[in-house]
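The values are calculated or read from the model by the stated rules, or taken from the named source; none is laboratory data. Owing to the predicted nature of the structure, the values given are computational and were not obtained by experimental measurement. Virtual Cβ from ideal backbone geometry, glycine too; neighbours counted across all protein chains shown. Side chains included, ligands, DNA and RNA excluded: accessible areas come from the protein's heavy atoms. Shrake-Rupley method; radii C 1.70, N 1.55, O 1.52, S 1.80 Å.
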Amino acid sequence: MDCRPFEITLIGANDIKDVNTFSKMDVYAVVTVSGAGVRKQKLRTPVHKDGGTSPKWNHTLKFTLDDAALVSDRVKIKIKLISDRTFGPTKIGKAVVPAKELLQSEKANGEKPVSYLVVTPKGKTKGSVSFGYKFGEKFSAPLPVQPEAHKKAQEPIMAYPAGHAGSSSAYPPPGVAHPVYQPYPPQPQPGYAYPPQQQPGYGYAPPPQAGYGYPPVVQPGYGYAQKPQKPKKGGGNMALGLGAGLLGGLLIGDMVSDVGDMAAYDGEELDKHIDVKNLLIDMGIYFQVQDDYLDCFGDPETIGKIGTDIEDFKCSWLVVKALELSNEEQKKTLYGNCGNPDPAKVAKVKALYKELDLQGVFAEYERQSYEKLTSSIEAHPSKAVQEVLKSLGKIYKRQK
């Protein structure tokens, strides 16, 4: 059978749907090659942290295409955009591109970046995705052998690429000679959205002018650089209720958005799910209590910070519980040492927490909260809502 190498460089996306309510989206793209009688191949880009509605990747993925399926227009290239979130990935939208259309465009216009509109799960167009691509020369490879079970069912074999991102997949099989193609130019340093100089035969030409059929992606500036993580702010005496309320609001915003998307697929009305609000607030409080506990008892290398709630005298869950369980002498120890950066005073507060067995109190709180929330989720009449809220399991007994 005749095969043809295919390389696609995901440059970025522009003005796509924002599926997060408060936090900035961390976005990655999944590229799938499939079609009737075509082996399915799937690869993904790295995540652009805080990429928001205009993420950038400049990442090259390599595939091998069946030439007969390509010229007969049976190969489709699907580019799916995903928001990477704490409670699981969320679909932003996708662009579906006929591979034959790209082959014909390459012959007519050369290796120029192109842009395709992104369609949201609800069928509306919002934003675009931009990429460069290149087809290699044809080569011959033996026909892949299908297992008997697949022959009977006449189903295509699912073959996902093994190894690292960017490796080709499916076929040719191991041991078959394959033409060697040079990769695209090295990824640019932060500050440039496209490779800085033209390489013979492999570089990108300038973005397509109006008239090519696809709207050019307007790049905001000249690329991006990763944003450094902001240090945890002190702002002493931040009440537990406020912290839990803010986080609960974030959960409501993001997860109700998920409920809305799921309901749209199932033909349900979103206004039937208002009762989810109280459940999400409880989940937000649970998450915040975990955060307060990890600030004191978590491993700094695991959680990525050194907790300062004691030094800042924040009204955390631990302080509230300590006040509930302390006698008058223990309360004096608490008031006399909280809010002071002196390591000796911080150690006294932590020793009091251990004396009051707040680790055991937290473990029991976490167990009861998880059981109560799980019971409420399973009792909800909507399967769509249940599927979204089952992400609770991802934060149960979290360590960071």
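Here is a yes/no grid of residues against (1) modelled with pLDDT of 80 or more; (2) among the hydroxyl-bearing types (Ser, Thr, Tyr); (3) not in a strand (DSSP E or B):
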{"residue": "Ser115", "(1), (2), (3)": "yes, yes, no"}
{"residue": "Val118", "(1), (2), (3)": "yes, no, no"}
{"residue": "Pro121", "(1), (2), (3)": "yes, no, yes"}
{"residue": "Gly127", "(1), (2), (3)": "yes, no, no"}
{"residue": "Phe131", "(1), (2), (3)": "yes, no, no"}
{"residue": "Pro142", "(1), (2), (3)": "no, no, yes"}
{"residue": "Val145", "(1), (2), (3)": "no, no, yes"}
{"residue": "Ala149", "(1), (2), (3)": "no, no, yes"}
{"residue": "Glu155", "(1), (2), (3)": "no, no, yes"}
- [ ] Would you mind finding the one in Asp357, Asp342, Asp295 that is modelled with pLDDT of 90 or more and either within 30 Å of Lys390 (Cβ to Cβ) or aromatic (Phe, Trp, Tyr) (or both)?
- [x] Asp295
- [ ] Specify which of the listed residues (Leu81, Leu61) is open to solvent by less than 10 Å² (accessible area, probe 1.4 Å) and either farther than 30 Å from Gly284 by Cβ or modelled with pLDDT under 95 (or both).
- [x] Leu61
TODO: Give Lys383, Lys397, Lys331 a once-over and let me know the one that is surrounded by 13 or more Cβ atoms within 10 Å (Cβ to Cβ) and basic (Lys, Arg).
DONE: Lys331
Open item on the list: Let me spell it out: the conditions are (1) of a type outside the set (Phe, Trp, Tyr); (2) touching a helix residue (DSSP H, G or I) at 6+ places or on another chain (Cβ under 7 Å); (3) open to solvent by 60 Å² or more (accessible area, probe 1.4 Å), and Leu356 meets all of them except one. Which number is the exception?
Closed with: (3)
- [ ] Tell me which residues, restricted to region 294-353, are out of contact with any Leu (no Cβ under 7 Å at 6 or more places or on another chain) and among the polar types (S, T, N, Q).
- [x] Thr302, Thr308, Asn327, Asn337, Asn340
Open item on the list: Name the single residue that is nearest to Pro5 (Cα to Cα) among those in region 47-58 being open to solvent by 30 Å² or more (accessible area, probe 1.4 Å) and of a type outside the set (Ser, Thr, Tyr).
Closed with: Val47
Task: Evaluation of Lys332 against (1) in a loop (DSSP other than H, G, I, E, B); (2) more than 30 Å from Gly88 (Cβ to Cβ); (3) of a type outside the set (A, V, I, L, M) (one fails), failing number - done: (1)
Task: Residue that is surrounded by the most Cβ atoms within 10 Å (Cβ to Cβ) [pool: residues in region 29-46 that are modelled with pLDDT of 95 or more and more than 16 Å from Val96 (Cα to Cα)] - done: Thr45
Open item on the list: So if I check each of Lys348, Lys390, which one is farther than 18 Å from Ile281 by Cβ and in a helix (DSSP H, G or I)?
Closed with: Lys348
Open item on the list: Which residue is farthest from Tyr133 (Cα to Cα), if the candidates are limited to region 66-78 and must be open to solvent by less than 40 Å² (accessible area, probe 1.4 Å) and more than 30 Å from the chain's Cα centre (by Cα)?
Closed with: Ala69
TODO: For region 1-67, please list each of the strands (runs of 3 or more DSSP E) lying entirely inside it that holds at least 2 residues being among the aromatic types (Phe, Trp, Tyr).
DONE: 56-66
TODO: Of all residues in region 91-109, count the ones that are assigned to a strand (DSSP E or B) and open to solvent by 10 Å² or more (accessible area, probe 1.4 Å).
DONE: 4
